[in-house]
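S.K.: The structure under discussion is supplied below as structure tokens; questions concerning it will follow.
Values in this text are rule-based calculations from the coordinates and carry no lab data. Quick caveat: nothing in here was measured; it's all calculated off a predicted structure. Counting neighbours? That spans all protein chains shown, and the Cβs are built from the backbone with ideal geometry, glycine included.
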């Protein structure tokens, strides 16, 4: 089996180190330094590609890095670079709907489940959100508890709060 080449770059934003990963087809994964203790990237890449080779190539990420920086500085609302998303059909349906949550707004997990016509699947929706590989790009930070409390975020609730504050300005 030929190893899949995965390119990556790192940069700092909102006091976090962000790492972007992409294939020849587009961005596949975004992690922060808060993801590292659990080895999220390594686990996700191994599960998704079985065998892969990581190659650092900062020049391949000019567009993505520029857009992330603009977003994190409050100058960009929507990303328009190419993504290459991997997941089950159900996960992809949840992630597609997440991308429809407007900038500056929040939805509850049950609102998201209702929006994909799966009101009984709130827990499954929550799991799919937690497995979202495209942190920030697919805005899982915009989903909060029914009681309006911040809940579950792979990179920590402090970052989720910072992203929501950024979008509320």
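S.K.: In whole angstrom, note down how far apart the Cα centers of the range 112-169 and the range 57-96 are.
M.R.: If we compute the Cα centre of each part, the gap is 16 Å.
S.K.: Right, here's the next one. Put a dot 7 Å past each Cα toward the Cβ at residue 38 and residue 4; how far apart are the dots in nm?
M.R.: Output for this residue pair reads 2.0 nm.
S.K.: Which order do the peptides 116-123, 19-26, 101-108 come out in when sorted by mean C-beta neighbours inside 10 angstrom, highest first?
M.R.: On the way: 116-123: 13.2, 19-26: 17.4, 101-108: 15.0.
Taking the mean over residues of other Cβ atoms within 10 Å, the ranking is 19-26, 101-108, 116-123.
S.K.: Can you sort 59, 65 so the residue with the fewest Cβ neighbours within 10 Å comes first? Numbers along the way, then the final one.
M.R.: Working: 59 7, 65 18.
Ranking 59, 65 by Cβ neighbours within 10 Å, fewest first, gives 59, 65.
S.K.: Taking the chain as a Gaussian network, where each spring joins two C-alpha atoms under 10 Å apart, which residue of 94, 30, 77 fluctuates the most?
M.R.: Taking springs between Cα atoms under 10 Å, the residue moving most is 77.
S.K.: In degrees, nearest 10, range 0 to 90: what is the angle between the Cα axis of helix 62-72 and the longest Cα principal axis of the chain?
M.R.: Once rounded, one gets 30 degrees.
S.K.: Once the piece of chain linking residue 60 and residue 86 is laid out straight, how much longer is it, given 0.36 nm per residue of separation minus the C-alpha distance between them?
M.R.: Details: separation 26, 0.36 × 26 = 9.36 nm, distance 2.01 nm.
Gain on extension, residue 60 to residue 86, equals 7.3 nm.
S.K.: For the range 21-169, what D do you get in µm² per second when you plug the Kirkwood radius from alpha-carbon pairs into Stokes-Einstein at 37 °C and 0.692 mPa s?
M.R.: Values: Rh = 16.1 Å.
So the translational diffusion coefficient is about 205 µm²/s.
S.K.: Also, I was wondering about something else. Going by how many other beta carbons lie within 10 Å of each one, how would you line up 9, 46, fewest first?
M.R.: Working: 9 18, 46 12.
Ordered from fewest to most neighbouring Cβ atoms within 10 Å, 9, 46 come out as 46, 9.
S.K.: In addition: Using a Gaussian network model on the chain with a 10 Å cutoff between Cα atoms, which of 31, 51, 12 fluctuates the most?
M.R.: It is 51.
S.K.: Right, something else. Using the scaling law 2.2 N^0.38 Å as the reference, what is the normalised Cα Rg of the range 89-168?
M.R.: With N residues counted in the range 89-168, Rg over 2.2 N^0.38 Å equals 0.97.
S.K.: Work out, step by step, the length gained on full extension between residue 161 and residue 127: first 0.36 nm times the residue separation, then minus their alpha carbon distance; give nm to one decimal.
M.R.: Stretched out fully, the residue 161 to residue 127 stretch lengthens by 10.3 nm.
S.K.: A follow-up question, please. Listing 111, 42 from the residue with the fewest other Cβ atoms within 10 Å to the one with the most, what is the order?
M.R.: On the way: 111 17, 42 14.
Sorted ascending by nearby Cβ count, the order is 42, 111.
S.K.: In what sequence, highest mean first, do 129-137, 67-75 appear when ranked by Cβ atoms within 10 angstrom? Can you show the working numbers first?
M.R.: Working: 129-137: 20.8, 67-75: 15.3.
Ranked from most to least packed, the peptides come out as 129-137, 67-75.
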